[in-house]
Amino acid sequence: MSLKKINTVLTSALVLFILWFGAEFILSPETTAPGFGLRSWPSGDGGGFLTVKGIRDIVLALVLAILLMTGHRRALGWVLLVEALAAYGDMTTVLTHHGSVPTALGVHGLTATLMVATALLLIRETGKAPAPPATAS
(Lines give C-alpha, C1' and ligand atoms only; values in the text may rest on other atoms or scores of the structure.)
Protein backbone atom coordinates (compact mmCIF):
# COMPACT_ATOMS: atom_id res chain seq x y z
CA MET A 1 0.00 0.00 0.00
CA SER A 2 1.40 3.40 -0.95
CA LEU A 3 2.14 6.17 1.52
CA LYS A 4 -0.54 8.28 -0.15
CA LYS A 5 -3.21 5.62 0.45
CA ILE A 6 -2.13 5.12 4.05
CA ASN A 7 -2.25 8.87 4.66
CA THR A 8 -5.67 9.11 3.03
CA VAL A 9 -7.06 6.32 5.22
CA LEU A 10 -5.53 7.80 8.41
CA THR A 11 -6.78 11.31 7.61
CA SER A 12 -10.25 10.07 6.68
CA ALA A 13 -10.47 8.14 9.94
CA LEU A 14 -9.44 11.24 11.90
CA VAL A 15 -11.99 13.39 10.07
CA LEU A 16 -14.80 10.90 10.79
CA PHE A 17 -13.76 10.50 14.43
CA ILE A 18 -13.61 14.26 15.02
CA LEU A 19 -16.96 14.78 13.24
CA TRP A 20 -18.58 12.02 15.29
CA PHE A 21 -17.20 13.31 18.57
CA GLY A 22 -18.24 16.90 17.77
CA ALA A 23 -21.74 15.81 16.79
CA GLU A 24 -22.08 13.82 20.02
CA PHE A 25 -21.26 16.93 22.06
CA ILE A 26 -24.01 18.83 20.25
CA LEU A 27 -26.67 16.10 20.13
CA SER A 28 -26.09 14.37 23.45
CA PRO A 29 -23.77 16.43 25.66
CA GLU A 30 -24.99 14.92 28.93
CA THR A 31 -23.90 11.42 27.91
CA THR A 32 -20.78 12.44 25.99
CA ALA A 33 -19.33 14.97 28.42
CA PRO A 34 -18.24 12.52 31.14
CA GLY A 35 -15.91 10.84 28.64
CA PHE A 36 -13.98 14.08 28.20
CA GLY A 37 -12.09 13.48 31.43
CA LEU A 38 -13.02 16.34 33.76
CA ARG A 39 -14.45 15.64 37.20
CA SER A 40 -17.19 18.27 37.14
CA TRP A 41 -19.26 19.74 34.33
CA PRO A 42 -20.95 23.07 33.82
CA SER A 43 -24.45 23.31 35.19
CA GLY A 44 -27.31 25.60 34.33
CA ASP A 45 -26.44 27.84 31.38
CA GLY A 46 -22.83 26.60 31.48
CA GLY A 47 -23.84 23.55 29.45
CA GLY A 48 -23.61 25.74 26.36
CA PHE A 49 -19.84 25.34 26.53
CA LEU A 50 -20.31 21.69 25.57
CA THR A 51 -22.05 22.80 22.38
CA VAL A 52 -19.17 25.19 21.70
CA LYS A 53 -16.75 22.27 21.98
CA GLY A 54 -18.89 20.23 19.58
CA ILE A 55 -19.02 23.03 17.03
CA ARG A 56 -15.24 23.51 17.32
CA ASP A 57 -14.64 19.83 16.61
CA ILE A 58 -16.99 19.79 13.63
CA VAL A 59 -15.34 22.86 12.10
CA LEU A 60 -11.87 21.35 12.61
CA ALA A 61 -13.01 18.16 10.87
CA LEU A 62 -14.63 20.02 7.98
CA VAL A 63 -11.46 22.01 7.30
CA LEU A 64 -9.51 18.75 7.09
CA ALA A 65 -12.18 17.15 4.88
CA ILE A 66 -12.14 20.06 2.43
CA LEU A 67 -8.36 19.97 2.10
CA LEU A 68 -8.44 16.19 1.66
CA MET A 69 -11.20 16.28 -0.97
CA THR A 70 -9.59 19.09 -2.96
CA GLY A 71 -6.20 17.38 -3.03
CA HIS A 72 -4.26 20.04 -1.14
CA ARG A 73 -2.27 17.39 0.67
CA ARG A 74 0.71 19.50 1.79
CA ALA A 75 -1.62 22.14 3.26
CA LEU A 76 -3.61 19.29 4.82
CA GLY A 77 -0.48 18.09 6.58
CA TRP A 78 0.32 21.52 7.97
CA VAL A 79 -3.27 22.21 9.05
CA LEU A 80 -3.50 18.79 10.70
CA LEU A 81 -0.28 19.54 12.56
CA VAL A 82 -1.71 22.82 13.85
CA GLU A 83 -5.10 21.29 14.69
CA ALA A 84 -3.34 18.72 16.88
CA LEU A 85 -2.79 21.64 19.26
CA ALA A 86 -6.54 21.57 20.05
CA ALA A 87 -6.29 17.95 21.20
CA TYR A 88 -3.11 18.68 23.18
CA GLY A 89 -4.98 21.66 24.66
CA ASP A 90 -7.85 19.39 25.69
CA MET A 91 -5.33 17.03 27.30
CA THR A 92 -3.69 19.91 29.16
CA THR A 93 -7.08 21.22 30.31
CA VAL A 94 -8.04 17.85 31.76
CA LEU A 95 -4.67 17.47 33.50
CA THR A 96 -4.59 21.00 34.94
CA HIS A 97 -8.15 20.71 36.27
CA HIS A 98 -7.38 17.46 38.11
CA GLY A 99 -9.36 15.32 35.70
CA SER A 100 -8.78 11.74 34.65
CA VAL A 101 -5.12 11.20 33.76
CA PRO A 102 -5.87 8.03 31.75
CA THR A 103 -8.49 9.90 29.71
CA ALA A 104 -6.22 12.92 29.25
CA LEU A 105 -3.36 10.80 27.97
CA GLY A 106 -5.29 7.91 26.41
CA VAL A 107 -7.94 9.91 24.56
CA HIS A 108 -6.68 13.46 24.02
CA GLY A 109 -2.94 12.80 24.05
CA LEU A 110 -3.18 9.73 21.83
CA THR A 111 -5.48 11.52 19.38
CA ALA A 112 -3.12 14.51 19.21
CA THR A 113 -0.10 12.28 18.71
CA LEU A 114 -1.87 10.35 15.94
CA MET A 115 -2.72 13.68 14.31
CA VAL A 116 0.92 14.78 14.47
CA ALA A 117 2.15 11.47 13.04
CA THR A 118 -0.36 11.64 10.19
CA ALA A 119 0.52 15.28 9.53
CA LEU A 120 4.23 14.45 9.33
CA LEU A 121 3.49 11.57 6.94
CA LEU A 122 1.46 13.93 4.74
CA ILE A 123 4.22 16.53 4.75
CA ARG A 124 6.79 13.82 3.96
CA GLU A 125 4.57 12.50 1.15
CA THR A 126 4.46 15.90 -0.50
CA GLY A 127 7.94 17.06 0.45
CA LYS A 128 9.70 15.96 -2.71
CA ALA A 129 9.34 18.48 -5.48
CA PRO A 130 8.93 16.94 -8.93
CA ALA A 131 12.03 17.06 -11.09
CA PRO A 132 11.96 19.74 -13.75
CA PRO A 133 11.40 18.40 -17.27
CA ALA A 134 14.54 17.86 -19.31
CA THR A 135 14.98 20.29 -22.18
CA ALA A 136 16.63 19.45 -25.47
CA SER A 137 19.59 21.61 -26.40
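The values are calculated or read from the model by the stated rules, or taken from the named source; none is laboratory data. The model shown is predicted, which means the values in this text are computed figures rather than measured ones. Counting neighbours? That spans all protein chains shown, and the Cβs are built from the backbone with ideal geometry, glycine included. What goes into the accessible areas is simple: the full protein's heavy atoms, side chains included, and nothing from ligands, DNA or RNA. Shrake-Rupley method; radii C 1.70, N 1.55, O 1.52, S 1.80 Å.
In the chain, the DSSP-assigned H stretches of four residues or longer account for a calculated mean residue ellipticity at 222 nm of -23000 deg cm²/dmol, using -39500 (n - 2.57) per stretch and the full residue count as denominator.
Over all other residues within a Cβ to Cβ distance under 13 Å of Ile6, the charged ones net out to +3, with Lys and Arg as +1 and Asp and Glu as -1. Over the chain, accessible surface divided per residue gives 59 Å², non-protein components excluded, 1.4 Å probe.
Projecting the Cα positions of Ile18, Val52, Thr8 onto the charge dipole of the chain (unit charges on Cβ atoms of Lys, Arg, Asp and Glu, taken about the Cα centre) puts Thr8 furthest along the positive direction.
Between Trp78 and Lys4, full extension at 0.36 nm per residue minus the direct alpha carbon distance yields a gain of 25.1 nm. If we count every other residue with Cβ under 13 angstrom of Leu27's Cβ, Lys/Arg +1 and Asp/Glu -1, where does the sum land? Here the count lands on -2. Within the accessible surface of the chain, defined with a 1.4 Å probe on protein heavy atoms only, the carbon and sulfur portion equals 72 percent.
What the Kirkwood sum gives for the chain is a hydrodynamic radius of 16.2 Å, with every pair of different alpha carbons counted.
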